[in-house]
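Asker: This is the structure, below, for whatever I ask next.
The values are calculated or read from the model by the stated rules, or taken from the named source; none is laboratory data. Here the structure is a predicted model, which is why all the values come from computation and not from measurement. Every residue, glycine as well, gets a Cβ built from its backbone with ideal geometry; the counts of neighbours run over all protein chains shown.
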Amino acid sequence: MQDTMTIGELAARSGVAPSALRYYERLGLIRAGRTGGNQRRYERSELRRVAFIRISQQVGVSLEEIRTALDELPDSRTPTRADWTRLSNRWRGRLDDRINLLTRLRDDLTGCIGCGCLSLQRCRLYNPDDVLAAEGPGPRLLG
């Protein structure tokens with residue numbers, strides 16, 4: 001097994017388009033070495049970083065937050081299980097909050113779809129005259 005991969009190999013293995021990989025590299029999320037012909041070569045450990053980026057994005061973490069987290073991983077070696085555990089522990093509360101929000105959203109939507117009230121006046125998510133605007137922007141009843 002080779003120690004490095006081309007951008008095409010990394011794209012095929014990770015399921016991430018080469019354009020996205022170049023973007024991640026530009027943002028400093030992943031790193032590539034260069035050959036004498038200036039072709040990118042990625043260490044195999046970059047696969048784990050790409051997987052972490054993709055999963056983090058899927059749960060709503062911004063690329064800036066992902067970069068901050070990845071900046072805490074060591075540059076001189078492949079991150080260990082302890083490194084990844086330390087990183088995940090920092091996000092645990094936030095992820096738990098996200099899970100709770102998604103659970104409430106799922107349950108409330110199920111209730112709304114199945115309630116059959118046919119009346120916004122009886123809906124518990126109804127916001128007559130936009131009174132919740134005084135509390136600031138964004139969702140208030142599910143947020």
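Asker: Could you go through the range 109-118 and let me know if any residue there is modelled with pLDDT of 85 or more, more than 15 Å from the chain's Cα centre (by Cα) and either part of a helix (DSSP H, G or I) or not β-branched (Val, Ile, Thr) (or both). Steps first, please.
Answerer: Let us first name the residues in the range 109-118 that are modelled with pLDDT of 85 or more, namely none.
No; the residues of the range 109-118 include none that is modelled with pLDDT of 85 or more, more than 15 Å from the chain's Cα centre (by Cα) and either part of a helix (DSSP H, G or I) or not β-branched (Val, Ile, Thr) (or both).
Asker: What are the residue pairs meeting all of these: first residue in the range 19-36, first residue surrounded by 14 or more Cβ atoms within 10 Å (Cβ to Cβ), second residue assigned to a loop (DSSP other than H, G, I, E, B), Cβ atoms under 6 Å, and 6 or more apart or on different chains?
Answerer: Going by the 6 Å Cβ cut-off, the qualifying pairs are 24/30; 25/32.
Asker: Take the range 73-83 and flag every residue that is exposed (fewer than 12 other Cβ atoms within 10 Å of the Cβ) and more than 13 Å from residue 30 (Cα to Cα).
Answerer: Matches in the range 73-83: 76, 77, 80, 81, 82.
Asker: Now a separate question. Those residues that are modelled with pLDDT of 85 or more and of a type in the set (A, V, I, L, M, F, W, C), I need them from the range 80-99; list them, please.
Answerer: 82, 91, 95, 99 - these are the residues of the range 80-99 that are modelled with pLDDT of 85 or more and of a type in the set (A, V, I, L, M, F, W, C).
Asker: Taking the conditions exactly as written (at pLDDT 90 or above, buried (at least 17 other Cβ atoms within 10 Å of the Cβ) and closer than 18 Å to residue 86 by Cα), does residue 66 satisfy them or not? Let's see the steps before the verdict.
Answerer: Values: at pLDDT 90 or above: yes; buried (at least 17 other Cβ atoms within 10 Å of the Cβ): yes; closer than 18 Å to residue 86 by Cα: yes.
It is true that residue 66 is at pLDDT 90 or above, buried (at least 17 other Cβ atoms within 10 Å of the Cβ) and closer than 18 Å to residue 86 by Cα.
Asker: A further question on this structure: Please enumerate the residues belonging to the range 57-82 that are in contact (Cβ under 8 Å) with a residue 12 or more places away in the chain and polar (S, T, N, Q).
Answerer: Passing the criteria: only 78.
Asker: Of all residues in the range 1-25, which are among the small types (Gly, Ala, Ser) and more than 14 Å from residue 51 (Cα to Cα)? Give the steps one after another, and end with the answer.
Answerer: So the first thing to find is which residues in the range 1-25 are among the small types (Gly, Ala, Ser), and the list is 8, 11-12, 14-15, 17, 19-20.
Residues satisfying the conditions are 8, 19.
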